[in-house]
Amino acid sequence: MTTVLIIGPGAIGGLFAWHLQHVSTPMAFRHRPDLTLPDTLVDQGQPHTLNWRFPPEGTDFASIDLVLVTCKATQVEMAVTPLLPMLPDVSWLVCCNGLGPQQWLANQAPGRVLWGSTTEGALIDDSGRIVHTGQGETWIGPAEGDALSERTRTLGHWLCDQAGPLVWQWDNSPADQLWLKLAINAVINPITAVERLPNGALAEEDWAFEVDALSDEIRAIARACDHPLPDDLAERIRAVARATAGNHSSMRVDVEAGRPTEIEFINGFLIRMAFEADIKAPKLTRWYEAVLKARS
Ligand code: KPL
């Protein structure tokens with residue numbers, strides 16, 4: 001039996017635990033003593049019992065094969081750093097917003113890191129249940145520029161092949177998916193967070209100019225980084241806004257809860273790439289600054 005440890009036992013962590021629970025009993029990393037695990041997942045109105053657990057006292061970490069990192073981008077370094085020396089041989093799959101944490105982890109564990117990107121929608125409702133709000137897909141594959149070990153590649157294919165309830169696909173170049181997700185987050189998240197809008201507002205005519213202008217800036221940066229984004233990026237962003245119309249973006253939720261946001265890992269990352277490529281990014285910078293102010 002393959003042993004999987006999940007770091008970030010939130011909505012996406014729980015959704016992935018559900019995907020795995022008939023072939024593994026995923027364990028979740030307890031980073032706070034008061035943390036409890038959601039025990040129910042609601043999919044299409046149907047409740048399902050989640051079968052995951054915290055590792056018992058004295059668990060031999062050497063028995064872990066794979067670590068799924070699904071926490072916020074802001075927490076990856078802090079959560080993973082103490083585990084790295086304890087887990088010298090495990091494979092890692094990092095699936096969170098942004099691109100910086102993925103690059104950081106690939107440097108820490110060369111040959112053993114998979115990058116993932118997901119369009120699944122999930123949230124934790126007021127009764128603590130995970131609700132699967134949008135059917136999506138998850139793509140996983142080798143970290144960019146890294147030669148994947150055979151063992152990690154095999155585990156990656158195992159994750160895709162086992163018939164869980166979700167759609168997981170192998171992608172030899174997941175960096176392209178990550179760039180697309182980054183672009184979507186860099187437009188939807190800051191605007192909805194600062195203006196306190198539901199995602200669907202960004203598909204409306206009122207925001208068309210802003211979405212177009214931000215998309216143009218992001219496409220120029222991505223091109224300079226050798227990850228060209230589709231010509232119809234703005235349309236794709238509007239499609240995601242429409243598909244998640246009633247949702248509050250994760251950044252809006254964080255701002256409203258007074259928590260740190262992922263702005264540094266999304267717009268901050270793109271602004272740094274723009275600076276290195278000598279490209280102007282006034283719109284991205286404006287929304288970056290507005291999110292920092294919205295928090296204070
Ligand atoms: O990924 C998201 C997020 O909120 O972080 C989107 C796609 C904007 C959906 O809410």
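Every read-out reported here was derived from the displayed coordinates using simple, explicitly stated rules and does not represent laboratory data. Since the model is a prediction, treat every value here as computed from it, not as a measurement. Note that each Cβ is placed from the backbone with ideal geometry, even for glycine, and that neighbours are counted across all protein chains shown.
If you place +1 on the Cβ of every Lys and Arg and -1 on the Cβ of every Asp and Glu, how big does the dipole about the Cα centre of region 132-252 come out, in debye to the nearest 20?
Computed charge dipole of region 132-252: roughly 440 debye.
At q = 0.07, 0.08, 0.10 Å⁻¹, what is the log10 ratio I(q)/I(0) for the chain, with the Debye formula run over Cα points and no solvent?
Once normalised to I(0) and log-transformed, intensities are -0.25, -0.33, -0.53.
Evaluate region 2-171: find the radius of gyration of its Cα atoms, find its Kirkwood radius, and give the ratio Rg to Rh.
Computed over Cα atoms, the ratio is 0.93.
Between C95, L37, V113, whose Cα lies farthest towards the positive end of the dipole of the chain when Lys and Arg beta carbons carry +1 and Asp and Glu beta carbons carry -1, centred on the Cα centre?
L37
Among I221, S173, G258, pick out the residue whose Cα is farthest towards the positive end of the charge dipole of the chain, where Lys and Arg carry +1 and Asp and Glu carry -1 on C-beta, about the Cα centre.
The Cα lying farthest towards the positive end belongs to G258.
Gain in length, A213 to Q44, computed as 0.36 nm per residue apart minus the alpha-carbon separation, to one decimal in nm?
Roughly 57.2 nm would be gained on extension.
Report, in degrees rounded to the nearest 10, the 0 to 90 angle that the Cα long axis of helix 174-195 makes with the longest principal axis of the chain.
Computed tilt is about 60 degrees.
For K283, list the lysines whose Cα falls under 20 Å from its own Cα; do not include residues on the same chain fewer than 8 positions away.
List returned: K181, K293.
Mind pulling the angle between the C-alpha long axis of helix 150-161 and the longest principal axis of the chain? Nearest 10 degrees, somewhere in 0 to 90.
That works out to roughly 80 degrees.
Round to a whole angstrom and tell me the spacing of the C-alpha centers of region 48-114 and region 165-212.
Distance between centres, Cα-based: 25 Å.
Give me the distance in nm between label points sitting 7 Å out from Cα along the Cα-to-Cβ direction at D231 and M86, one decimal.
In this crude label model, D231 to M86 measures out at 5.2 nm.
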